1. Please figure out what share of the DSSP beta bridges in the chain is antiparallel and state it in percent, rounded to the nearest 5.
2. Compute the FRET efficiency between Q436 and E299 as 1/(1 + (r/R0)^6), taking r as their Cβ-Cβ distance and R0 = 22 Å, and round to the nearest 0.05.
3. Just for the Cα atoms in segment 289-359, what are the lengths along the principal axes, largest first, rounded to whole Å?
4. Using a 10 Å cut-off on Cβ atoms, rank the peptides 384-395, 424-435, 336-347 from the highest mean neighbour count down.
5. Please give the contour-minus-distance gain from E219 to E242: 0.36 nm per residue of separation, less the Cα-Cα distance, rounded to one decimal in nm.
6. To the nearest Å, what is the center-to-center distance of segment 727-753 and segment 204-278, using C-alpha atoms only?
7. Measure off 7 Å from each Cα along the Cα-to-Cβ vector at E351 and A128, then give the distance between these two points in nanometres to one decimal.
8. When only Cα pairs under 8 Å and 6 or more residues apart are kept, what is the percent relative contact order across the chain?
Amino acid sequence: MAACALFSRLRYSPPFPFTLTPSGPLHAAIHFLSCSCSKLDICLPLHCRSRHISRAPLVLSRAERRRVKAFLRWSQSSAEAALLGKAQAGRGLAAAGIGSPKAMATAVAEQAVDNPLLEDAEFPRFDAVEARHVVPGIRQLLTDLENELVKLEANLQPSWPGLVQPLEKIVDRLSVAWGVVSHLKAVKDSEELRLAVEEVQPDKVAFTLRLGQSKPIFEAFKEMKEGQEWNTLSEAQQRIVEIQLKEAFLNGVGLEDEARKRFNQIKQDLEKLSTKFSEHVLDSTKKYAKLLTDPRDVEGLPPTALGLAAQAAEAKGYEGATADLGPWIITLDIPSYIPFLKHARNRSLREEVYRAFITQASSGDLDNTPIINKILELRLEKAKLLGYNNHAEVSMALKMATLEKAEELLEQLRSSSWDAALIGNLQDLKDYAKEQGAPDGSNICLWDITFWSERLREAKFDINEEELRPYFSLPKVTDGLFSLASTLFGVKIEAADGLAPVWHKDVRFYQVKELSGEPIAYFYFDAYSRPSEKRGGAWMDEVLGRSELLAPKGRHARLPVAHMVCNQTPPVGDEPSLMTFREVETVFHEFGHALQHMLTRQNEGLVAGIRNVEWDAVELPSQFMENWCYHRATLMGMAKHYKTGETLPEEVYVKLKAARNFRAASMMLRQIHFASVDLELHSRFQPGGPETVFDVDKRIGWRTQVIPLLPEDRFLCSFSHIFAGGYSAGYYSYKWAEVLSADAFAAFEEAGLENEVAVKETGRKFRETVLGLGGGRPPLQVFKDFRGREPSTDALLRHSGLLPAVAA
């Protein structure tokens, strides 16, 4: 049966926006296709059918071609679903004038039946949720939540059970469902899922604005704070009230009429722009594939990099590709890109790949430049609507730091690092390259830095990162990490694969227990790079938060569930994932985030785990955990050769530790550059003025980069942290929190890292304070609870080799 007839009879609509303008190229394309395929003709709203559209070849953008193809795929799958009796309706055709509102509302409700996105299960149905479930599921959920919100506003009482508890239920239901959608988009991206999210995202944003701007709720919170019962609330409960009042103001609760309307439109636009920015970066990364067939072009690459490149070639259709004979494909995915820059001897190819990396998402229909400009313009306008001077002030309203304090810290670290980076790090590279007779030495370029840094590190410390890989297989690393968590925090972690559905066969699932055996948390671990569907980087986020209110029947609290996502080197052939040491540090880092979520002692769901922890403090546990990678007992406990079981030789451990601060000043400046550019763009930069964002990048680079940026550098076009990842006017948080984390680790150093009793005692204190208190106490007070004083930068500078070591 033709899909067109089914659409007409069942009032189908694609689960994504398909606005067809009579003169638009996308409409023309669909019309052109429909002339040759009767499936589509009846699907077009009558007012969109035009006899005047030419059948001449059409020039479509990449995005438009994708949407046409997605529509065709969707129409076929929808027809099949209808034949199976799974009639699903949406709002798309209703908006075009087909079907009554009542009929469409009924159809949406019918779509939500048996929707795995809305299933009240112990763990989300990651294995079952598909793009087709997103629109009906989220819309049904929003309808339900709107009804609950109306009921709450009509029966408000300025009390914990009369206000906060029903609000937590509303917030949590949306957070869990939308979290599933957002997560799948990050790890299992597809055109259909993108379009589904694009369709329903405005509805979700509109509801969150409606909730955040509710004056009855705002006034009830004010009454709670000013009422007689305020002093009867716990510290965590008082924090919740104060946070809700502050967030309501930042959500525009005080705006009226046209100002509120404009504010809400800006929020909608920013959400769309951030999503599109992220999609452009992913598509740009996927687009680049450098095919190499000459063995001379891959000289210097280690076996793991060659194997990965051959595997990439085979995935692209080059059957029989091998590590030894090729062909090989180099991509901009980090596990491919970094080893190539580190080891490829062909300088011109290093330059080509480097230039491709710094110009990602900066041209054609994937160009993020106009998106960046619009984001900055809208963020500034939004800040002024709220009464602030710039977006940085808005951002800092919910952080520990102020703009002045953040910039003061960055300058202190910059001035401590500059001479060491310029006179030491860079000059050392030039001298070494000259000693090797390389022409690079007299004119070292940005694409040479990584290569010669690795060569100098090998020579200076007699250590080869690639030779370390066999000692860091993922199973051994996770065993060592979980053993450390047991020692420090008194928990045990066990594999629980099969207990919860997963989104990919490689994803692992774990249970966290007290030493007594009592379950306290769960987490997923998605370790490997999948460039075709998974965005780059590494992150952790919550799946479910701890909550006493939302406890299942018979339990004291709902247990927290987290997910950890990395993009490390995948297994090659029959071998396990053999990790670089930096990948090991990344796993420890993300696990630190997960620990704060999972080991929370807060029972109030709105401040449990990572919820409402100030952004510039949230990196404390993650960066704290990285320090343990250099702890002898921890490192030697996990560094076992994957074939022989042999422990990493003692002399190699000594060299690895000695190399820890190799080029630390340069690495410090790199992070300071990103943070400084971020703050400048969100404070003093004027969108539309004479200076472009790339001018700002280069201007700041004169103070933070020992080699000037290339004129064509467009790294900002892929800087997802600040344009799509929540770190706008907040990238400094990495350094701010690193001060806290280094000082926290210094407490263990002072107790004696080889004193197991003292380490356990200090670890339990860290668990009870930093990991346990979540957002229920201000982070500075939490740090003082653990350390007994305010933080100092001394430990960070000492750990980085930029201060003399503390005398024994």
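1. Values: 23 of 29 bridges.
In the chain, approximately 80 percent of DSSP beta bridges are antiparallel ones.
2. Numbers: r = 15 Å, r/R0 = 0.69.
E(calc), rounded to 0.05, equals 0.90.
3. 31, 21, 18
4. Working: 384-395: 18.9, 424-435: 16.8, 336-347: 20.8.
Result, highest mean first: 336-347, 384-395, 424-435.
5. On the way: separation 23, 0.36 × 23 = 8.28 nm, distance 1.25 nm.
Length gained, E219 through E242: 7.0 nm.
6. Answer, in whole Å: 31.
7. 5.7 nm
8. Details: 1233 pairs, mean separation 100.1, N = 808.
Computed over the chain, the figure is 12 percent.
The numbers here are math on the coordinates, done by the rules we state, and not lab data. These numbers come from a predicted model, not from an experiment. Every residue, glycine as well, gets a Cβ built from its backbone with ideal geometry; the counts of neighbours run over all protein chains shown.
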